[in-house]
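As structure tokens, the structure follows; a few thoughts come after it.
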Amino acid sequence: MLCACLLLAGCSHPDESAPKAVVAVTVARAELADVRFSVRAPATLFPKEQANIAARLTAPIRELRARKGDRVRAGQVVAKLEDRDVLAQRAEAAAMVEDAQASLQKISAGTIPAELERARGQLAAAEAQLNQAQKIFDRRSELFNQGAIPARDLLVSQTELATARSNDEVARRTLELLERQSRAQDLRIAESRVAQAKARLGAAEAQLQFTELRSPFAGSVTEQFLYPGDMAKPEFPVFTIMDLSVVIARAQVPESDVAAVALKQPCRFQPADAPDRSVEGRVSVVSRAVDPARRTVEVWCELPDAGQALRAGVLGNVVIYTGTESGALVVPLTAVQFSEGTRKGVV
């Protein structure tokens, strides 16, 4: 029995080998083509221009002429503050200007001030006293020559005449001095008062302009902080306005890659929420400083957005094209086996 089993085992055929697995291989032709070198970095969108619109004075908000989300023109009034007290100040300043100008015209026309009036009156009185003293002296001289009065009376008349002449001379010189100096001084004072009144009026008109809040440029209202009835103050903005016709993608480029980046290079922004969509632009800023914590350099990619489809604060990636290699040998990316953790590999 044992012999029969051994015989049968010796006569049996060996087992056929298992079939080998078939591996599908895709063949592609290596080609010569122009290759663009690029640097990729995360980025955030910012407006090219942004302004926080705040009041220049403290006053209640009377009216808002724009709301969050509205588009505004350059110079458009977006809010009105209470201005009744400022209007009263302007009216008072305008009245002061008219009063000062009337005084100036009065002095320029030659109207005699009170001091000149008094000086002229004193001169007229001195001249009258001089004439009277001269007549008395002449009369007493005749009487003295006739022997009718003593010499003492003639001497008194001479003293009174000399005093009258002195008073007349003083009054005349005083009047001449006032006529030469007072008019010029009065004119300067009147002109100064006119200038002061006009300055006050200008200040009041400036305050009135400050009751209107205007947009400094065309853009969109992206934030609204106060409402009608709220107290507007210089330290608290009422609106935030952004110009999104041109947006800036601020990318953080690794320090090791930034050497190839230069101004005016073409760039492309891809929003994180829409990776199949991109906007083309150019590099406008390459920072000269390295972030010490992240070891990155900030690069700005300026993107025209005439349709204003992009929004500030959107996250995404910026691709910066740093150069082109003409006639490079190109193979499919799947044909390259990269070393782990590097960008080097073999085909």
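The values are calculated or read from the model by the stated rules, or taken from the named source; none is laboratory data. This is a predicted model, so every value here is computed, not measured. Virtual Cβ from ideal backbone geometry, glycine too; neighbours counted across all protein chains shown.
General observations
- Residue match in the range 47-55 (condition: surrounded by 10 or more Cβ atoms within 10 Å (Cβ to Cβ), farther than 30 Å from residue 297 by Cβ, of a type in the set (Val, Ile, Thr) and modelled with pLDDT of 95 or more): yes
- Among all positions in the range 36-45, there is at least one residue which is over 22 Å from the mean Cα position of the chain (by Cα), exposed (fewer than 15 other Cβ atoms within 10 Å of the Cβ), in the same structural domain as residue 294 (by TED's automatic domain parsing) and modelled with pLDDT under 95.
- Any chance residue 71 is at pLDDT 90 or above and either loosely packed, with under 13 Cβ neighbours inside 10 Å or more than 57 Å from the chain's Cα centre (by Cα) (or both): no
- Residue, farthest from residue 107 (Cα to Cα), within the range 155-177, restricted to residues that are of a type in the set (Ser, Thr, Tyr) and buried (at least 17 other Cβ atoms within 10 Å of the Cβ): 157
- Qualifying residue in the range 184-195 (condition: out of contact with any Phe, Trp or Tyr (no Cβ under 6 Å at 6 or more places or on another chain), basic (Lys, Arg) and crowded, with 17+ Cβ neighbours inside 10 Å): yes
- Residue match in the range 184-197 (condition: in a helix (DSSP H, G or I), modelled with pLDDT of 85 or more and of a type in the set (Ser, Thr, Tyr)): yes
- A single member of 180, 214, 277 is more than 30 Å from residue 294 (Cα to Cα), surrounded by fewer than 16 Cβ atoms within 10 Å (Cβ to Cβ) and at pLDDT below 90, and it is 180.
- Restricting attention to the range 63-91, the residues that are in contact with an Asp or Glu (Cβ under 9 Å, 6 or more places away or on another chain) and under 23 Å from residue 217 (Cα atoms) total 6.
- There is at least one residue in the range 280-291 that is at pLDDT 90 or above, surrounded by fewer than 16 Cβ atoms within 10 Å (Cβ to Cβ), under 18 Å from residue 48 (Cβ atoms) and among the aliphatic types (A, V, I, L, M).
- Restricting the first member to the range 312-336 and to residues that are assigned to a helix (DSSP H, G or I), and the second to residues that are among the hydroxyl-bearing types (Ser, Thr, Tyr), the beta-carbon pairs closer than 9 Å and six or more apart or on different chains are 334/26; 335/26.
- Positions within the range 74-108 being of a type in the set (S, T, N, Q) and modelled with pLDDT of 95 or more, in sequence order: 76
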